[in-house]
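*Asks:* Handing you this structure, nothing more for now.
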Amino acid sequence: MVEKYTLTALFALVLIYLAYRSWRRARTHDEFDLAGRRTGLLPLVGTLGAAEFNTATLIGGASVAYQYGTVGLYYTAFIFVFVFGIYAGTVAKPYRRLRISTIAEYFERRFTGRLAEPTRLLASLITLSFTWLAPATYLAGISVVASVLLGVDPITTVVVVVVFCLVLAITGGLVTAISFDVLSYAMILIFVPVLFAVGLVKAGGLSHLGDVFQARFLSFEPVWDLDRYGFASVLAWCFQNILAYIAAPWYGQRMFSARSERIAYRGMVINTVAITVLYGLVAVTTMLSRVLMPHLARPEEALPRMVLNYTPAILQGLILVTLLLVGKSTMMAMWNAAVSIATNDVIRRYLAKDRPSIFYVRIGRLLFVAIGATTLVLSLTMVGSILLALTYISVYLALLAFPILAGLFWKRFSTAAAFGSLLAGAVYVTIALLAELPYYLISPVGVALSAVVGVTVSLARRVRETPEAVDEFFALAHASGQRGPGSTVKESSHQ
């Protein structure tokens, strides 16, 4: 136990040093909010990977692998081939070309006219609500890790983690988050394969999986008859994640911060491969843990308990630090996105316009305190249902994807269509959640309804000449013709 506390303390000192360096760099709001839009390829891959590799999916998703074998592989690994591959092929480059700061600014740049402001506001509310609530699911995952590996009760864990992360996060905003993410990702790349090797050796190889799993849970054929995790839910989860990540503010913020559009695209392609492999190793490791511990009362404890029971003390400490860094990185990624949205889309737009840069930096630090308090309170209610909690709070975010993609690739898609599609989807999803419909009838149906409304409104509109603002948007987003505002010759030279 001494080794684990010592290593945790040493890495805490490293984080404090990185936060101090970030504080010295982040003197302007552009640095605090988007790292000065100078993030290179390797830091971008690190921050994308660490921002996704989270304790909610890691602990919650791994519990599915413990119970249902390869079903967990679908949930935690295979879906990301589609999730991030589609992201790279659709929005990675356009997001960087547009030089926006939030997802709501995308709506402002693309949609004009009478309903432009309500559409933008709705996008702001959806993205802010998700990023404000989601960090609690990652903190709940951290509390499971700490309770198993350190013997610390959940309340103490969440208080210490929130206070510590808040003190560090307010120093340099996204600059701090990226520096932490790079460290976290380096640890992930080392210790996820190490943990897999430990599981493989201790369990006596993959052949022993047949001793604890039914044959259908070792096959890659779809399993349809599970209440919560049947293949219909897998497909719905994949579909929702594809859409949710298109609109994900924490991923968007990292795309916006990339040094160039080429770096944004390449970073996402590399991230697609890396996350799929890493989550796959975690899922198989958790399956192997069932060979060693076949009767766990709480499947969410499978991964940390394997670390506790089957690794030497020094390795336990290093893996503990890795898992804590994983949860902290994603939580802080969400915090940064929420602060960026609240500052740019609410404070700067409606409440305090045209103030000095340092004013918005100070506002951002106050917002960090507010979101930290919210995370602290909510996290204690989510232990035991981490993956489901994350699933249900992301259904609204997925609704933004259709108007984003339609607006990016279809000039005729109008502001009225974007507003109507968002409103219709949000109303249906709210009713479906209150009625407790099955998960696969919530997000997919909500998005389908949103798409039908958007397409119908666009086709019903009398065709007129395309507004000049829309032509400029398409020229910039797709790097063709006349470059729009905010673009530079230097950036276009990266093509």
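Throughout, read-outs are computed from the coordinates displayed, never taken from laboratory work. As the structure is a prediction and not an experimental result, all values here were calculated from the model. Positions of Cβ are generated from backbone atoms using ideal geometry, with glycine treated the same way; all protein chains shown enter the neighbour counts.
*Asks:* What are the DSSP H helices in the chain that stretch 18 Å or more along their long axis, judged by alpha-carbon atoms, and whose average Kyte-Doolittle hydropathy comes to at least 1.0?
*Replies:* 135-149, 154-172, 174-203, 231-246, 261-292, 313-341, 357-379, 415-434, 443-460
*Asks:* Let me ask something else about it. Given the convex hull over the Cα atoms of the chain, what projected area results after averaging over all orientations, in nm²?
*Replies:* With every direction weighted equally, the projected area is 22.3 nm².
*Asks:* Label the stretch 272-332 by shape, choosing from rounded, prolate and oblate, from the square roots a ≥ b ≥ c of the eigenvalues of the Cα gyration tensor; if a/c is under 1.5 it is rounded, and otherwise prolate applies when a/b is larger than b/c, oblate when it is not.
*Replies:* It is oblate, given that a/c is not under 1.5 and a/b is not larger than b/c.
*Asks:* Per-residue counts of other Cβ atoms within 10 Å, averaged by peptide: what ranking do you get for 33-44, 126-137, highest first?
*Replies:* Highest mean packing first, the order is 126-137, 33-44.
*Asks:* Can you spot the lysines whose alpha carbon is less than 24 Å from residue 411's alpha carbon? Ignore those fewer than 8 places along the same chain.
*Replies:* Of all the lysines, those that pass the test against residue 411 - Cα under 24 Å, at least 8 places apart if same chain - are 93.
*Asks:* What value, in deg cm²/dmol to 500, does the helix sum -39500 (n - 2.57) over DSSP H runs of n ≥ 4 give at 222 nm once divided by the residues of the chain?
*Replies:* So the calculated ellipticity at 222 nm is -23000 deg cm²/dmol.
*Asks:* Give me the aspartates and glutamates in straight-line cross-link reach of residue 353: C-alpha distance below 13 Å, same-chain residues under 8 apart excluded.
*Replies:* Qualifying aspartates and glutamates at Cα under 13 Å: 345.
*Asks:* Put a dot 7 Å past each Cα toward the Cβ at residue 200 and residue 309; how far apart are the dots in nm?
*Replies:* Taking the simple label geometry, residue 309 and residue 200 are separated by 2.2 nm.
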